[in-house]
Amino acid sequence: MTTKATSWWRGQIPTLVLTLVITALAAWAIVTGVGAAPGLSPMNVGKVIVLVVVGFLAGLLGGLIGTGGCSVMLPIIHFWMGYPAAIAVGTTLFAVIFTAISGGYGHLVRRNVDTRAFLWLGGSGILGVLLGSWLFIPLSGQAKLLGLILGLVFLWPAIRMIYEGVIQRAMPRREGAAISGSGWAIAVFGFIVGIATGLAGLGGGYALVPGLIYLFGAPVYITMGTSLATMIPLAVAGGSIKLAQGFVDLATGLLLAAGTIIGAQVGAAIIKRFKPATLKLLFGLYFLYVAAKFITGFLGIQIW
């Protein structure tokens, strides 16, 4: 084995350890029934495999084009696995806690993070998560209205990805190691993203990345690192609140998390084999379909 390969494997040890710990916790939750959401089909081997695969695909997408895993996991477990919308929102946000820690830590140690922007975004974002989580409680009993909100939220990444996939084939190249803009402007942006995180259960990367680049002129690498680092406090706050509120199926969330961590590492390793613009176009169309499915459901129209 070459020195480079050996070094790569050594670098994966923390990821492997975290994955094993999460898998063990998932097994414990399945056996004991701790944190099980009511009304769901019982966990079996087939369901376990499907959840890990769904998490893997979500992490793979995140590793390839820099989007969060929630936008993939949430519609799949809601529409095709029968999880109620409120449980799907809470469970996928809880899963992103571990994904954000895994991805954000790597950028933090490599100094791909603008500390000033991170503190403004994270601090104000947590306040936004608290407000969004409070608003989520009355919405959780209004399945159609919650679906409409999710559909409108999904329109943003859909439009963004289709635009970048067809018209703008690459992110604008900007140099530097800092994100410009006043602290208060960044804080307001973080607060809005936090509200959306608490309401829709999406990790925030779908809004943080384009927002920092197009609104604040941030360099791409610093944007990716700062976005992932910011997702740590947002996901921890939002996922923990959803868990305390009873909107998380613990075993499901842990299995999804284990899959996303592995998928993110694979995506980062094979990213150079794919054209990001093509992937963005494909997943932009997928998110547009998800948005349409949520919105038409609110109108009483079911599309396949």
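Coordinate-derived values only; no laboratory data. Small disclaimer: the values here were computed from a predicted structure and weren't measured. Counting neighbours? That spans all protein chains shown, and the Cβs are built from the backbone with ideal geometry, glycine included.
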For a quick check, take a GNM of the chain with Cα springs below 10 Å and name the residue from 253, 33, 267 with the largest mean-square fluctuation. 33
With r defined as the distance between the Cβ atoms of residue 131 and residue 180 and R0 fixed at 22 Å, what FRET efficiency is calculated, to the nearest 0.05? 0.25
On full extension of the chain, what length is gained from residue 13 through residue 285, given 0.36 nm per residue of separation minus the C-alpha to C-alpha distance? 94.3 nm
Tell me, what HN-Hα J-couplings in whole Hz come from the Karplus equation 6.51 cos²θ - 1.76 cosθ + 1.60 at θ = phi - 60° for each residue of the range 212-221, using x for Gly and Pro? 5, 6, 8, 8, 10, x, 7, x, 4, 5
The range 146-288: relative contact order as a whole-number percent, Cα under 8 Å and 6+ apart: 44
Virtual paramagnetic centre 7 Å along Cα→Cβ of residue 192, amide N under 13 Å, in the range 225-239: none
Correct choice for Rg/Rh (Cα atoms, Kirkwood Rh) that was computed from the model, options (1) 1.01; (2) 1.16; (3) 0.95: (3)
With an 8 Å cut-off on Cα pairs and a minimum separation of 6 or more residues, tell me the relative contact order of the range 3-298 in percent. 39
Linear extension gain, residue 116 paired with residue 221, 0.36 nm per residue minus alpha-carbon span: 36.2 nm
For residue 178, other-chain or 5+-apart residues with amide H closer than 5 Å (H placed, Pro excluded) are none
To the nearest 20 debye, the chain has a Cα-centred charge dipole, built from +1 on Lys and Arg Cβ and -1 on Asp and Glu Cβ, of 700
Given the options 269, 85, 95, state which has the largest fluctuation in a GNM of the chain using a 10 Å cut-off (strictly under) for Cα springs. 269
Exposure proxy check on 230, 92, 19: fewest-to-most Cβ neighbours within 10 Å is 19, 230, 92
Please find, in a Gaussian network model of the chain (springs between Cα atoms separated by less than 10 Å), the residue of 133, 102, 182 whose mean-square fluctuation is greatest. 182
In the chain, if the dipole is taken from +1 on Lys/Arg beta carbons and -1 on Asp/Glu beta carbons about the Cα centre, which of 117, 136, 203 is farthest to the positive end? 117
Taking trypsin sites (Lys or Arg not before Pro) in a DSSP loop with at most 16 other Cβ atoms within 10 angstrom as exposed, one finds the longest site-free stretch of the chain at 175-304
Find how much the distance from residue 292 to residue 41 grows on full extension, using 0.36 nm per residue of separation minus their present alpha carbon separation; answer in nm with one decimal. 87.7 nm
Can you put 159, 301, 97, 87 in order, fewest other beta carbons within 10 Å first? 301, 159, 97, 87
